[in-house]
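Single-structure report; data block below.
What follows draws every value from the coordinates through simple rules; no lab data is involved. Source: prediction; values computed, not measured. Methodologically, a virtual Cβ is constructed for each residue, glycine included, from the backbone with ideal geometry; neighbour enumeration extends over all protein chains shown.
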Amino acid sequence: MKTLINFFSLITLLLTSSLSISQSVDECIDNLDCQSSWVGLSDDDKETVFAFAEDYKAFIHLARTELSFVEQAIIFAEANGFRELTPTTRLRVGAKLYEVNRDRTISLMVIGTESLQSGFHIVGAHIDSPRLDLKGRPLYEGSEFALFQTNYHGGIKFHQWTNLPLALMGRIDKKDGSTVPVSIGLNPDQPIFMIPELSPHVDRGRNSQTLGDFIGPEDLDPVIAHIPDQVEGGDVADQVLKYLANEYGVSRADLVSAELSLVPAGAPRDMGFDRGLIAAYGQDDRLASYAALRAIADVNNPEKTTMAYLVDNEEVGNRNNTGARSEYFADLLSRMLYSELGDAYREPLFRSALRQTKFISIDVNPGVNPANPGAWELGNAPKLGYGINLKLYGQGNTANSEFIAWTRKLLDDNQVPWQTITYKVGSAGGGTIGGEFSIQNIEVIDFGVPLLSIHTPYAVSSKVDVYSLYQAAKAFYGYSE
């Protein structure tokens, strides 16, 4: 009898659980009383999420700068049927195309069934991340070590970049027009570089200093060599110059026209016993860029022409001709419209296409951190594992209410979990590329996913959020008006 009672108790529990899950979906959509996206996830769905995460980790392991991201994105695009856009390319329905701007920005497009005059569906994200860049004349010797002078790209906490294995990545452009690619430190058999910190035995006098005074921006110089020139009696820096000449055929002056960055050398790793989290460098914002890249590869014959617009220099204000502030974006869209219309092209037709375009600007943001949950007003705070977040900044920086409603419908219709984010008033904030497109009379909304330790050498994401972002981008690309 006891066994029978337990059996019926189990059936009742299962029925109750099934009902509560169904109710929780309605409660989430209508009342925002939501659960973690992990709750109720089937074994098959969980396997899909984990498989997607493995692909993501493999991609961002190599794509650590905007240059290397574009290199990897081209490989991915061509493997998935995309072909380079040229002046003679015909914009036939279903064509998968890509274009690269100065090796640092890439756009992927799928031509829709509607005319380009009816507007585009565009997902935009940035592919640069906080890092250290070499100065124009970086090489010097100090205390019989060879070191590099650096500058920083994007907002960082300086002390977090010491005692950290660093890889050197980028390119050296020479006067003869040749380019020398550089990648040292990602593979286990390659050397790494490091900014050494003082040991606790000799820095007790600094313990009372603030973090801002403890390590400053001019202190972020990595050790790059140690062995002096024993043959010609030169210093350690001379040995480095010889190495660069022998290995890469470059001189000290060639470093002036180099674009070399120091980035964390460690590979992306699963985090936690349950492996539900990803710890990796560069998830701001290559997480969003990868999701957009993967999503557009799955699009076939959409109604609106779709685009993944992945750009440089957001971390320093969208500057330069490869950043979101550049006229390149408008140039690309106008060239495409001219290709469709020919001599019938007129500027008002282009402006009308912009007016009818919908643009999702995706950028990650800080999530609730268990070490300091008080940094948030928790009623409007994004939590890892709860899906993408709609950014409701306030103070004139939020998308209009009708586009927010349209986006809610898009996500709910496609069963993509979402939440909202509003920073504590007056105490936090951050920018995206979205504002650069809203001023062009495009309908723009910002969303992303929450991370822990954003803008540090290793940020943390939830695998289920990464997958949800991919689902959201894919749904947007194929969504009917």
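Taking every DSSP beta bridge that has both residues in the chain, what percent is antiparallel when rounded to the nearest 5? Show your work: numbers first, answer last.
Values: 48 of 73 bridges.
That works out to approximately 65 percent antiparallel.
Would you mind checking the pairs LYS304/LYS474; LYS57/LYS358; LYS46/LYS409; LYS57/LYS157; LYS358/LYS474 and listing those with alpha carbons more than 18 angstrom apart?
Checking Cα-Cα distances, LYS57/LYS358; LYS46/LYS409; LYS57/LYS157 exceed 18 Å.
Hey, can you grab everything whose amide H is under 5 Å from the amide H of ASN389? Only 5+ residues off in sequence or another chain; H modelled, so Pro and N-termini drop out.
Here GLN419, GLY448, VAL449 satisfy the definition.
List the trypsin sites (Lys or Arg not before Pro) in the stretch 37-100 that DSSP assigns to loop (not H, G, I, E or B) and whose Cβ has at most 16 other Cβ atoms within 10 Å. Which are they? Kindly include the intermediate steps, with their values, before the conclusion.
On the way: sites: LYS46, LYS57, ARG64, ARG83, ARG90, ARG92, LYS96; in loops: ARG64, ARG90, ARG92.
Hits after loop and neighbour filter: ARG90, ARG92.
Got a sec? Charge dipole of the chain, +1 on Cβ for Lys and Arg, -1 for Asp and Glu; which of PHE329, GLN471, ALA167 is way out at the positive end?
About the Cα centre, the residue reaching furthest to the positive side is GLN471.
So how much slack lies between PHE403 and ASN187, counting 0.36 nm per residue of separation and subtracting their Cα-Cα distance, in nm?
Result: 73.2 nm gained on full extension.
Pop out the ³J(HN,Hα) list for the stretch 355-369 in order, Karplus 6.51 cos²θ - 1.76 cosθ + 1.60 with θ = phi - 60°, rounded to Hz; leave Gly and Pro as x.
Ordered by residue, 3J(HN,Hα) equals 4, 9, 8, 10, 10, 9, 8, 9, 8, 6, 7, x, x, 4, 9 Hz.
Once you put a point 7 Å from the Cα of LYS175 and another 7 Å from the Cα of SER257, both along the Cβ direction, what distance in nm separates them?
Label-label distance for LYS175 and SER257, simple model: 0.8 nm.
Would you mind putting 340-350, 214-224, 309-319 in packing order, based on average other-beta-carbon counts within 10 Å, highest first? Walk me through the intermediate numbers first.
Working: 340-350: 11.9, 214-224: 16.5, 309-319: 22.2.
Most protected by this proxy first, the peptides run 309-319, 214-224, 340-350.
Which entry in (1) 72, 54, 41; (2) 85, 78, 43; (3) 61, 50, 48 is this structure's computed Cα extents along the principal axes in Å?
(2)
Which GluC sites (Glu not before Pro) does the stretch 90-191 hold that lie in a coil by DSSP with at most 16 other beta carbons within 10 Å?
Numbers: sites: GLU99, GLU114, GLU141, GLU144; in loops: GLU114, GLU144.
Answer by residue number: GLU114, GLU144.
Please arrange TYR98, TYR243 by how many other C-beta atoms lie within 10 Å of their C-beta, fewest to most. Show your work: numbers first, answer last.
Details: TYR98 21, TYR243 13.
Neighbour counts put them in this order, fewest first: TYR243, TYR98.
Rounded to the nearest 10 degrees, what's the angle between the helix 66-79 long axis and the longest principal axis of the chain, both from Cα atoms, 0 to 90?
Tilt relative to the chain: about 50 degrees.
Apply the Karplus curve 6.51 cos²θ - 1.76 cosθ + 1.60, θ = phi - 60°, to the phi angles in the stretch 252-264 and return the couplings in whole Hz, x for Gly and Pro.
Along the stretch 252-264, the couplings run 4, 5, 5, 5, 5, 9, 10, 10, 10, 10, 9, 10, x Hz.
How large is the charge dipole for the chain, taken about the Cα centre, if only the Cβ atoms of Lys, Arg (+1) and Asp, Glu (-1) carry charge, to the nearest 20 debye?
With only Lys, Arg, Asp and Glu charged at Cβ, the dipole is about 560 debye.
Rounded to whole Å, give me the distance from the Cα center of the stretch 44-65 to that of the stretch 299-357.
29 Å
Got a sec to turn the phi values of the stretch 218-230 into Karplus ³J(HN,Hα) couplings, 6.51 cos²θ - 1.76 cosθ + 1.60 with θ = phi - 60°, whole Hz, x for Gly and Pro?
With coefficients 6.51, -1.76 and 1.60, one gets 7, 8, 8, 10, x, 6, 10, 6, 9, 8, x, 6, 7 Hz.
Identify all lysines with a Cα-Cα distance to LYS175 below 22 Å; exclude those on the same chain that are fewer than 8 residues away in sequence.
List returned: LYS135, LYS242.
On C-alpha positions alone, give me the angle between the axis of helix 43-62 and the longest principal axis of the chain, in degrees, nearest 10.
30 degrees
Just report the Cα centroid separation between the stretch 405-420 and the stretch 219-267, whole Å.
With the stretch 405-420 and the stretch 219-267 each reduced to a Cα centre, they are spaced 51 Å.
For ALA225, what residues show an amide H to amide H distance below 5 Å, using hydrogens built from the backbone and excluding near sequence neighbours?
Those qualifying (amide H under 5 Å, at least 5 residues apart or on another chain) are ALA146.
Under a 5 Å amide H to amide H cut-off, with H placed in plane at 1.01 Å, what residues pair with GLU443 once short-range neighbours are removed?
THR357, PHE359
In the chain, with Lys and Arg counted as +1 and Asp and Glu as -1 at Cβ, which of these residues, SER36, TRP406, ILE296, has the Cα nearest the positive end of the dipole, that is, farthest along it?
The Cα lying farthest towards the positive end belongs to TRP406.
Size of the dipole of the stretch 132-264 about the Cα centre, Lys and Arg at +1 and Asp and Glu at -1 on the beta carbon, nothing else charged, in debye to 20? All intermediate terms of the calculation are to be shown ahead of the outcome.
Values: 10 positive and 19 negative charges, 70 e Å.
About 340 debye.
How far, in degrees from 0 to 90, does helix 401-413 lean away from the longest principal axis of the Cα atoms of the chain, to the nearest 10?
Long axis of 401-413 versus the principal axis of the chain: about 80 degrees.
Where in the stretch 353-461 are there GluC sites (Glu not before Pro) that are in a DSSP coil and have at most 13 other Cβ atoms within 10 angstrom of their Cβ? Before the final figure, lay out the partial values.
Working: sites: GLU377, GLU402, GLU436, GLU443; in loops: GLU377.
In loop regions of the stretch 353-461 (DSSP not H, G, I, E or B), the sparsely surrounded GluC sites (Glu not before Pro) are GLU377.
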